[in-house]
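Colleague: I am attaching a structure below and will ask some questions about it afterwards.
The values are calculated or read from the model by the stated rules, or taken from the named source; none is laboratory data. Small disclaimer: the values here were computed from a predicted structure and weren't measured. Positions of Cβ are generated from backbone atoms using ideal geometry, with glycine treated the same way; all protein chains shown enter the neighbour counts.
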Amino acid sequence: MLNHKCIPGKDYIAYIDGFGESLFIDVIDLKTQEIVSCKQVPASLDFVQKIPILFDKSIKAVILNIFLSSSPAFSSNLEFCKAIRKAFDEINLLYLFVSDTYYVFTASLINENIISKLKETITFIGIFSSSFTVSNCVFTKAGYEIYSYKTLIYDEKDGVNALYEKILQSSNSSKIVATAPLSNGLPIFKVLKEKVLKMPNFIASDFGGTRKSAPKIACEIYKWLIDNSYVKYYIIPTSARYYFLKTFSGGKFNNGKILFGSDTILPHQYTFNLPRWNLGFHVSYTFFSGMRNPAGRPKKSRWGRPAA
């Protein structure tokens, strides 16, 4: 079992944050919403095989943010996730895989105490070094549904008004929430926070505060897992990967096309027809998350814990 003080009669959930070949497991008291223990383990076959032992009956659910994890024992992150899913299914333990985007949006809702009415729209802005993503959502009976997504480029020469106009042109929401997942020190976030976000309907949500929200996020997700009608902070998941199709003919692969990407609501089914002259096809995927940058990542985990 996980190294936590198991008190008889108390229930816990686990939140797993993964990056590279390390997994960080937080055990959270469902009643107090406090982390009672933390454990770092390798993203390995041994971890998968020990899931029935690690996650005993006191653990009621597991929330996994591991799309940026890699394991030497598996050919890809997808295969690693499939093995974990199978292990949890075999012991009948509730679980949900979430992406960085899902995590940050949920954290923003919780941190800023945003409560939406049915059919109300809200826009999430993810800010990076020289660009920002705009995700428009509508609150439905099933939760927040992302209905449009785009990336815009920020140029300081354009000025604050031009930036404001770019955002307004991409959103007609009653609330616009901006967060800087990589660093609050980014010039674009400073401009937004000090000038643009003082305008009506704008909210600045500091990413530094989301770590404190991790237990509450996990507990809110658990509420949805046991009752799908509870959608107060629930973001309807979208694909964490971009899927591509390439056809094969004339001894080579032809230019591929995107089947679907990060704005696609899950579950999703895609049907395509191939001309008879195609000798075959290949479906591949890539993971994209602006929330974390593996190439430029310092030797610390996202939450400042030492990386393996």
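Colleague: Every residue in segment 122-131 that is at pLDDT below 90 and assigned to a strand (DSSP E or B), please.
Modeller: Residues satisfying the conditions are Thr123, Phe124, Ile125, Gly126, Ile127, Ser131.
Colleague: Can you give me the ranges of the helices (runs of 4 or more DSSP H) entirely in segment 35-121 with at least 2 residues that are more than 30 Å from Lys141 (Cβ to Cβ)?
Modeller: 45-49, 51-54, 77-90
Colleague: Would you call Ser205 among the hydroxyl-bearing types (Ser, Thr, Tyr), over 30 Å from Ile35 (Cα atoms) and at pLDDT 70 or above?
Modeller: Judged against the criteria, Ser205 is not a match.
Colleague: Here are some conditions: (1) out of contact with any Pro (no Cβ under 9 Å at 6 or more places or on another chain); (2) part of a strand (DSSP E or B); (3) within 18 Å of Pro237 (Cβ to Cβ). Val134 meets all but one. Which one does it not meet?
Modeller: Condition not satisfied by Val134: (3).
Here is a yes/no grid of residues against (1) farther than 22 Å from Ile217 by Cα; (2) at pLDDT 90 or above; (3) not charged (D, E, K, R):
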{"position": "Pro8", "(1), (2), (3)": "yes, no, yes"}
{"position": "Asp11", "(1), (2), (3)": "no, yes, no"}
{"position": "Phe19", "(1), (2), (3)": "no, no, yes"}
{"position": "Leu23", "(1), (2), (3)": "no, yes, yes"}
{"position": "Gln40", "(1), (2), (3)": "no, yes, yes"}
{"position": "Ser44", "(1), (2), (3)": "yes, yes, yes"}
{"position": "Ile51", "(1), (2), (3)": "yes, yes, yes"}
{"position": "Ala61", "(1), (2), (3)": "no, yes, yes"}
{"position": "Asn77", "(1), (2), (3)": "yes, no, yes"}
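Colleague: Any idea which of Lys31, Lys119, Lys60, Lys50 is closer than 30 Å to Val134 by Cβ and either basic (Lys, Arg) or surrounded by fewer than 15 Cβ atoms within 10 Å (Cβ to Cβ) (or both)?
Modeller: Only one candidate qualifies: Lys119.
Colleague: Just the residues that are surrounded by fewer than 16 Cβ atoms within 10 Å (Cβ to Cβ) and of a type outside the set (Ser, Thr, Tyr), please, taken from segment 74-89.
Modeller: Within segment 74-89, Leu78, Glu79, Lys82, Arg85, Lys86, Asp89 meet the criteria.
Colleague: Kindly establish whether Ser70 is within 25 Å of Lys232 (Cβ to Cβ) and surrounded by 14 or more Cβ atoms within 10 Å (Cβ to Cβ).
Modeller: In short, no.
Colleague: Another question, then. Return only the number of the condition from (1) under 30 Å from Ile13 (Cα atoms); (2) of a type outside the set (Val, Ile, Thr); (3) at pLDDT 75 or above that Ala180 does not satisfy.
Modeller: Exception for Ala180: condition (3).
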